[in-house]
Amino acid sequence: MKFWDTDDTKQVGNTLNWASSWRETLFSLLEDIPVGLCRYIASISIDGTSATTLIIDSNTGELLCRPFLYNESLPDALPIVTSIAPENHTVCSGSSTLCKLVSWWNSNNSNKGSAVLMHQSDWLLWLLHGKFGISDYNNALKVGYNPETDSYPSWLLAQPFFYLLPSVKAPGSPIGCIKEDIRLRFGFPKGCVVCTGTTDSIAAFLAARATQPGRAVTSLGSTLAIKLLSTSRIEDARFGVYSHRLDDKWLVGGASNTGGAVLRQIFTNGQLEVLSSQIDPLVPSPLDYYPLPATGERFPVADPNMMPRLHPRPESEVEYLHGILESIARIEAKGYKLLKELGATEVEEVFTAGGGAKNQVWIKIRERVLGLPVHRASQTEAAYGAALLALKGVGLQN
């Protein structure tokens, strides 16, 4: 299962109860599974957006504050985080999970003793298995977990809030059986196992089955996330670059705030389809934009004050869309170039996942801009990658 936390009408800071909407969506999806299939489901895993953070009371299960969304920057906490973490560490970004934890810790004077930190997918999985404080090493990266040593670093464990940190397992590890009341409600078999999850971009990479170093997956959803399979681990918070562990290799990359969210602010799905069909992808656009849905960028430049650049706007909507699509492709190309400069395995082939993978004109534009073969992944949904993790958890993955 895949979960996300933004769309074209919702912004950070709205009063919408995000957690309730995620819970309702989870159980709505379970309701949608045909009754005849439920009894065959051996395991469940969920992916969610990286750095979406919840603080929970482990005595009651209640949220101690509203969720912090993945793209929410907490600059008040950044000086503290940069003072305790190594230089240019992944957590040294205002949108990191650790900045969100530190910001909450410093602004709350009560209810800290029983608090526990959970990521979006951790919390959703907890609703199914009922055990607090369990995460995976992909989600835990941005709170400071070291996937290379498989442990939290000493500088993090020395902090007064260390006890909020979840225990960490490999993605796709069995946690426990699904709660009995949920099993009976939906008709799952006895022994149905709930497994640790991962982030949405990691799940999209797994779905594409890009298994060789030099293969990459660009996820074109609300944002643009790139993941490159590399033999070397690269970390540099100055550019929003970090590495996720994938067995004995590394998924190097970053996530830009550009992507589908900004397109949906300007065009409807129908307009995107009609206008795209009129673009010649082999002709470069002279328009130079930096499409962002709001102020702030994470990768390939980490700048919380970067302003969107979407002007001048030509009279032709076809030309305007062409300019935006090509500008997003340039950001993608800049990202892969940066990874190479920092020491990652050079990208040789790009697979595309997410909603943007459906736009064949955009794929051809990106192929020209990147100078690389670009394909639509055979499986483009991150939920497919989460399903592969669930199979892995019960030893059924091919």
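The values are calculated or read from the model by the stated rules, or taken from the named source; none is laboratory data. As the structure is a computational prediction, the values presented were derived from the model and not from experiment. Cβ sites come from the backbone with ideal geometry, for glycine too, and all protein chains shown count toward neighbours. Surface accessibility is based on the protein's heavy atoms, side chains included, excluding ligands, DNA and RNA. Shrake-Rupley method; radii C 1.70, N 1.55, O 1.52, S 1.80 Å.
With the condition kept exactly as written, say whether any residue in region 142-158 is in contact (Cβ under 8 Å) with a residue 24 or more places away in the chain, open to solvent by 10 Å² or more (accessible area, probe 1.4 Å) and either within 19 Å of residue 69 (Cβ to Cβ) or part of a strand (DSSP E or B) (or both).
Within region 142-158 (the criterion being in contact (Cβ under 8 Å) with a residue 24 or more places away in the chain, open to solvent by 10 Å² or more (accessible area, probe 1.4 Å) and either within 19 Å of residue 69 (Cβ to Cβ) or part of a strand (DSSP E or B) (or both)), the answer is yes, since at least one residue qualifies.
If I go through region 372-398 residue by residue, how many of them are assigned to a loop (DSSP other than H, G, I, E, B) and either under 29 Å from residue 139 (Cα atoms) or open to solvent by 60 Å² or more (accessible area, probe 1.4 Å) (or both)?
10
Among residues belonging to region 291-313 that are among the basic types (Lys, Arg) and more than 26 Å from residue 360 (Cβ to Cβ), point out the one that is most open to solvent (accessible area, probe 1.4 Å).
The residue in question is 309.
Among what's in region 355-393 and is farther than 15 Å from residue 281 by Cβ and polar (S, T, N, Q), pick the residue that is nearest to the chain's Cα centre (by Cα).
The extreme case among them is 380.
If residue 343 satisfies all but one of (1) in contact with a strand residue (DSSP E or B) (Cβ under 9 Å, 6 or more places away or on another chain); (2) modelled with pLDDT of 95 or more; (3) within 19 Å of residue 321 (Cα to Cα), what's the number of the condition it fails?
With (1) in contact with a strand residue (DSSP E or B) (Cβ under 9 Å, 6 or more places away or on another chain); (2) modelled with pLDDT of 95 or more; (3) within 19 Å of residue 321 (Cα to Cα) applied to residue 343, the lone miss is (3).
Residue check, residue 254 against (1) in contact (Cβ under 8 Å) with a residue 24 or more places away in the chain; (2) out of contact with any Phe, Trp or Tyr (no Cβ under 6 Å at 6 or more places or on another chain), all met but one. Which one?
Residue 254 satisfies all of (1) in contact (Cβ under 8 Å) with a residue 24 or more places away in the chain; (2) out of contact with any Phe, Trp or Tyr (no Cβ under 6 Å at 6 or more places or on another chain) except (2).
Could you please give the count of residues in region 40-84 that are of a type in the set (A, V, I, L, M, F, W, C) and crowded, with 20+ Cβ neighbours inside 10 Å?
The qualifying residues number 12.
Tell me, please, whether a residue that is open to solvent by less than 10 Å² (accessible area, probe 1.4 Å), farther than 30 Å from residue 148 by Cβ, of a type in the set (Phe, Trp, Tyr) and touching a Ser or Thr at 6+ places or on another chain (Cβ under 9 Å) can be found in region 280-290.
Yes, because at least one residue in region 280-290 is open to solvent by less than 10 Å² (accessible area, probe 1.4 Å), farther than 30 Å from residue 148 by Cβ, of a type in the set (Phe, Trp, Tyr) and touching a Ser or Thr at 6+ places or on another chain (Cβ under 9 Å).
Confirm whether residue 330 is closer than 24 Å to residue 234 by Cβ, at pLDDT 95 or above and surrounded by fewer than 21 Cβ atoms within 10 Å (Cβ to Cβ).
yes
Looking only at region 346-371, count how many residues are among the hydrophobic types (A, V, I, L, M, F, W, C), at pLDDT below 95 and assigned to a helix (DSSP H, G or I).
So the count comes out to 1.
I'd like to verify a number: residues in region 360-371 that are of a type in the set (D, E, K, R) and open to solvent by less than 60 Å² (accessible area, probe 1.4 Å), how many?
1
Within region 191-205, how many residues turn out to be open to solvent by 30 Å² or more (accessible area, probe 1.4 Å) and touching an Asp or Glu at 6+ places or on another chain (Cβ under 9 Å)?
1
What's the number of the only condition in (1) in a loop (DSSP other than H, G, I, E, B); (2) touching a strand residue (DSSP E or B) at 6+ places or on another chain (Cβ under 8 Å); (3) touching a residue at least 40 places away in the same chain (Cβ under 8 Å) that residue 189 fails to meet?
The single condition residue 189 does not satisfy is (2).
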